[in-house]
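The structure under discussion appears below in the form of structure tokens.
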Amino acid sequence: MKKVLSIILGGGAGTRLYPLTKLRAKPAVPVAGKYRLIDIPVSNCINSEIFKIYVLTQFNSASLNRHIARTYNFTGFNEGFVEVLAAQQTPENPNWFQGTADAVRQYLWLMEEWNADEYLILSGDHLYRMDYRQFIQRHRETGADITLSVIPIDERRASDFGLMKIDDSGRIIDFSEKPKGEALTKMRVDTSVLGLTKEQAQEQPYIASMGIYVFKKEVLFKLLKEGTERTDFGKEIIPDASKDYNVQAYLFDDYWEDIGTIEAFYHANLALTQQPQPPFSFYDEKAPIYTRARYLPPSKLLDCQVTESMIGEGCILKNCRIQHSVLGVRSRIESGCVIEDSLLMGADFYQAFVERQCNVEKGDIPVGIGTDSIIRGAIIDKNASIGHDVKIINKDNVQEADRESQGFYIRSGIVVVMKNAVIPDGTII
């Protein structure tokens with residue numbers, strides 16, 4: 001894997017994940033109480049012995065830069081690195097990144113410096129665990145110019161994805177973006193060619209792209225330098241290349257979730273609490289997910305009832321009930337609170353006891369969840385100060401609402417309290 005260079009695409013402005021992306025890049029969004037989305041593809045690379053990793057981003061990259069600098073620091077004994085490449089203006093190109101392919105194109109001059117045979121292109125907002133060595137091995141064995149990682153899907157979900165058609169050798173011969181009706185039927189393939197059993201192939205007769213690609217070096221450079229007007233890998237570069245190049249499919253038959261929307265993000269986080277077996281586990285010792293070491297104290301639970309939940313380090317919970325929820329690092333929950341079906345991202349700092357007392361005396365609200373508050377079906381971003389006797393329960397079952405001036409949004413019926421928001425005592429949402 002020494003001849004493989006990995007490029008993680010940080011994505012655009014992350015409008016579908018707003019307001020979680022108001023102050024941070026999409027790959028820097030916290031997940032599972034202590035990680036960030038970028039930790040998933042970076043950890044997959046490290047576990048696959050790929051140590052040269054670039055992260056391309058152009059929006060709100062400060063917290064992403066800080067996280068990567070504090071987390072991934074390889075020793076001087078190998079050439080490993082994880083570096084953020086932000087969009088920049090040059091005399092040749094005064095524009096921002098115009099798409100996934102354009103982002104890589106603008107940094108080709110830097111990629112050329114490395115002695116790499118293959119370029120692994122990944123997305124920064126997916127939740128999955130994958131050994132890229134098997135993916136690259138398949139790419140080499142088939143003599144492919146480009147290999148796409150694909151997932152098998154059933155008829156019910158197929159029209160939500162960009163689908164592909166393959167021949168008997170696994171070569172991709174046709175693409176169709178979210179087809180329906182007769183166009184969908186035409187995209188059926190025999191997925192047993194890629195390794196599924198006959199029974200599985202009948203249940204899942206379609207394949208969809210995961211947005212994960214491996215390119216031969218010369219092919220990537222040729223395609224990007226020739227078609228400068230083509231800015232996107234999935235919609236333009238790869239479909240056009242399939243006519244003249246050997247584009248192969250590699251089947252990934254395991255858990256994979258694109259968490260590009262608030263609803264998907266919410267459900268993917270809460271699914272981690274499932275018993276006996278969550279769809280994705282952070283407890284795999286052979287392929288751990290790495291993140292920043294924080295050296296926080298253990299969590300302290302004082303007379304609490306906690307069921308089917310995950311609680312990060314350094315939390316303080318007093319006489320409360322937590323059910324089917326994920327609590328991030330340094331979460332503070334006062335007595336009498338009920339937290340159900342919610343994701344709390346925690347805090348970046350502790351407020352000193354004296355400061356909290358002064359806040360209460362002045363009528364200010366300290367960071368955390370105040371006494372006797374109820375939170376149900378919500379996402380509470382970092383450093384939120386939620387007062388006493390607050391009810392965040394979406395009592396009117398509103399599906400969409402923008403209340404930025406009041407510190408929250410509602411997306412798909414999920415209340416999202418913004419980072420650093422202050423919700424006054426007695427508020428009912």
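A few remarks follow.
- With Cα atoms defining each centre, the stretch 193-246 and the stretch 268-334 are spaced 38 Å apart in the structure.
- Antiparallel DSSP beta bridges within the stretch 267-410, as percent of all bridges there, nearest 5: 10
- Shape category assigned to the stretch 272-429 from the gyration tensor of Cα positions, a/c cut at 1.5: oblate
- Length gained on full extension, residue 323 to residue 308, computed as 0.36 nm times the residue gap minus the Cα-Cα distance: 4.8 nm.
- Dipole size of the chain about its Cα centre, with +1 on Lys/Arg Cβ and -1 on Asp/Glu Cβ: approximately 760 debye, rounded to the nearest 20.
- Sorting the segments 124-134, 108-118 by their mean number of nearby beta carbons within 10 angstrom, highest to lowest, gives 124-134, 108-118.
- Proximity of backbone amide H atoms, modeled 1.01 Å from N, is registered between residue 81 and 52, 53 at under 5 Å, excluding neighbours fewer than 5 places apart on the same chain.
- Taking label points 7 Å from Cα along the Cα-to-Cβ direction, residue 169 and residue 199 give a separation of 3.3 nm.
- Global form of the stretch 251-306, assessed from the alpha-carbon gyration tensor, a/c cut-off 1.5: prolate
- Dimensions (Å) - the chain, Cα atoms, principal axes, largest first: 71, 49, 40
- Here the spin labels are modelled as points 7 Å beyond Cα on the Cα-Cβ line, and at residue 401 and residue 254 they lie 4.1 nm apart.
- Think of it as helices only: each DSSP H run of n ≥ 4 in the chain is worth -39500 (n - 2.57), and spread over all residues that comes to -5000 deg cm²/dmol at 222 nm.
- Note on residue 296 and residue 117: with the Förster distance fixed at 35 Å, the Cβ-Cβ geometry gives a FRET efficiency of about 0.25.
- Shape of the stretch 149-297, Cα gyration tensor, a/c cut at 1.5: oblate
- Each of 233, 111, 306 was placed along the dipole of the chain (beta-carbon charges, centred on the mean Cα), and the one lying farthest toward the positive end is 306.
- Förster radius 35 Å - calculated FRET efficiency between residue 348 and residue 79 (Cβ-Cβ, nearest 0.05): 0.60
- Per-residue HN-Hα couplings for the stretch 346-352 [Karplus 6.51, -1.76, 1.60; θ = phi - 60°; Hz; x = Gly/Pro]: x, 9, 8, 7, 9, 8, 4
- Ordering 173, 99, 194 by the projection of their Cα atoms onto the charge dipole of the chain, which places +1 on the Cβ of Lys and Arg and -1 on the Cβ of Asp and Glu, puts 99 at the extreme positive end.
- Contour minus Cα-Cα distance for residue 358 and residue 244 (0.36 nm per residue): 34.0 nm
- For residue 416, the residues whose modelled amide H falls within less than 5 Å of its own, excluding neighbours fewer than 5 places apart on the same chain, are 379, 409, 410, 411.
- Sequence ranges 175-185, 245-255, ranked by mean other-Cβ count within 10 angstrom, highest first: 245-255, 175-185
- Here the contact order of the chain, divided by its residue count and restricted to Cα pairs under 8 Å and six or more residues apart, works out to 14 percent.
- Rounded to 10°, Cα long-axis angle of helix 353-362 versus longest principal axis of the chain: 70
- Distance between modelled label sites at residue 185 and residue 110, nm, 7 Å Cα→Cβ extension: 5.0
- Rounded to 5, the percent of DSSP beta bridges in the chain classed as antiparallel: 40
- No disulfide-compatible partner, judged by a Cβ distance under 4.7 Å, exists for the following cysteines of the chain: 45, 304, 315, 358.
Read-outs: derived from the displayed coordinates by stated rules, not from any lab. Small disclaimer: the values here were computed from a predicted structure and weren't measured. All Cβ positions, even for glycine, are placed from backbone atoms using ideal geometry, and neighbour counts span all protein chains on display.
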